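Quick one: the structure is below, questions incoming.
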Protein chains: 2
Amino acid sequence: MATQLEPAVPREGTGRKKLLAAALDLFAERGVSGTSLQMIADALGVTKAAVYYHYKTKDDIVLAVVNPAIEELAVIASEAERKRSRAAQVETVLVGIIDLIVRNRSLYAVLQGDLAVAHVLSEHGAFPELSNRIMALLVGPDPDPGTIVAASILLSGLGEAGFGPRVADIGDEELRGHMLGCARRLLRHRRPSAATP
Amino acid sequence: MATQLEPAVPREGTGRKKLLAAALDLFAERGVSGTSLQMIADALGVTKAAVYYHYKTKDDIVLAVVNPAIEELAVIASEAERKRSRAAQVETVLVGIIDLIVRNRSLYAVLQGDLAVAHVLSEHGAFPELSNRIMALLVGPDPDPGTIVAASILLSGLGEAGFGPRVADIGDEELRGHMLGCARRLLRHRRPSAATP
DNA sequence: GTCTATAGATAGATAGAC
DNA sequence: GTCTATCTATCTATAGAC
């Protein structure tokens, strides 16, 4: 099930949990490259060495912060790929991703907006492939350039907009609805020649 | 006039021009915080000290890279604010920004996607105010949350999508058209109660 | 599990020769 | 204008005491 009630990265907890929450806040505010282990340690009120006890490298912290979102995305993609109709595939991806974004607004922005994260993921994980799967689900087979542009704008825009200050005071329920509306307006324009079976 | 034939940051030139072009490439690929002055110097085949001859600080380089785009944005905003009808204001902003993005795809992504750039601009410039002006032109007075969400998605999405690898092989003319289509689809949904005079 | 201490590398930045 | 040389601060990361 893709829809959960808790955010992917808990705001409170002990040890690693608090560390990841603090790191996420800093990553979202200053960027991964702009965040030092010293800042993370200071935010927790501990020393750098204490941080290194939990994670061996900075990359490990980045991966640990971002991993819950990636796993949820993988679940969403698999769920969507099991649907038979194109419309159901698109709908499953949209509802799943928007729910993920709204539930944890800064995490998705860090995941897809930070170049340092992209760099780490391209080395340590299979995220590019997952990203391609999701894009393929959105645009379908043999997409025209217009659909590719629309889907690119949508995926980037949703992630960044969810974290932006202008939507900060919009409630989860309402934001979800508006984002879904935007997504459908963007993707549903003219149907190509082939009909959906 | 907002539409120019040359990109805002020239690809070739001498001295400062080449420096800014190299810096932009690195900023777009690794992020500002992930780019050291040594990398910029190496890209030019010179030493760090040679870079410091042209610009006193790293922030100065960031500002110099991003400044042409900001100036163009200011021209677009002023041009749009002179229009009398809301529709003309929106159209002027959309055409101007999309032209700017397409003409120099990585520059706008760095300008609005990099947290380090945002940090520098909030200290050294009046970019937040300009950003608010453009947003206000897009959403109009007393915007409903749905319009704010749509405009946020649009502005973030256009910038990031213009630089993305998926649209890299789409020509300028065609990309411009698709982006304009997406923008109009996103912003033009239901009209509020007030009619446009 | 958290600390001190420190290594080793690299960051941004400066002085002054050429 | 571009260089060598160097400074200081900070970075990631490790070793080992408590």
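Inside 10 Å of the C-beta atoms of A:157-169, what's the mean count of C-beta atoms belonging to other chains?
Taking the mean over all residues of the peptide, I get 6.
Scanning chain B for helices, which whole DSSP H stretches are 30 Å or more long along the axis (Cα) and average 0.0 or more by Kyte-Doolittle?
Result, helices passing both filters: B:58-81.
For the pair B:GLU173/B:ARG16, report the inter-label distance in nm, with labels modelled 7 Å from Cα in the Cβ direction.
Output for this residue pair reads 3.5 nm.
Same structure, new question: I need the inter-copy label distances for A:PRO145: point set 7 Å along Cα to C-beta, values in nm with one decimal, smallest first.
Here the equivalent label points are 3.8 nm apart from this one.
While we're here: Let me spell out the model: positive unit charges on the Cβ of Lys and Arg, negative unit charges on the Cβ of Asp and Glu, origin at the Cα centre of the protein assembly as shown. What dipole size does that give, in debye rounded to 20?
Roughly 640 debye for the protein assembly as shown.
Taking each pair of distinct Cα atoms in the range A:35-113 once, what is the resulting Kirkwood hydrodynamic radius in Å?
Over the range A:35-113, the inverse of the mean reciprocal pair distance is 14.6 Å.
In Å³ and rounded to a whole number, note down the convex hull volume per residue for the Cα atoms of the range B:57-187.
That works out to 107 Å³ per residue.
List the residues, sorted by chain then number, that are 5 or more residues from B:SER33 or on another chain and whose placed amide H is less than 5 Å from its amide H.
B:ALA116
Charges on Cβ only, +1 for Lys and Arg, -1 for Asp and Glu, centred on the Cα centroid of the protein assembly as shown; of A:GLY162, B:LEU186, A:LEU137, which one is farthest towards the dipole's positive end?
The listed residue farthest towards the positive side: B:LEU186.
If neighbour count is taken as other Cβ atoms inside 10 Å, put B:THR147, A:THR47 in order from fewest to most.
Least crowded to most crowded, the residues run A:THR47, B:THR147.
In addition: Along the charge dipole of chain A, pointing to its positive end and built from +1/-1 on Cβ of Lys, Arg, Asp and Glu, which listed residue (A:ALA116, A:THR147, A:LEU100) has its Cα farthest out?
Most positive-ward Cα: A:THR147.
Still on this structure, I have one more. Per DSSP H run of at least 4 residues, take -39500 (n - 2.57); add these up for the protein assembly as shown, divide by its residues and hand me the 222 nm value, nearest 500 deg cm²/dmol.
My calculation for the protein assembly as shown gives -22500 deg cm²/dmol from helical runs alone.
Hey, another quick one. If you take all C-alpha pairs in the protein assembly as shown, what percent of them are over 32 Å apart?
36 percent
Where a number appears in this text, it was derived from the coordinates with a stated rule and is not lab data. Note that the structure is predicted; figures quoted are calculated from it, not measured. Here Cβ is always computed from backbone atoms with ideal geometry, including for glycine, and neighbour counts include all displayed protein chains.
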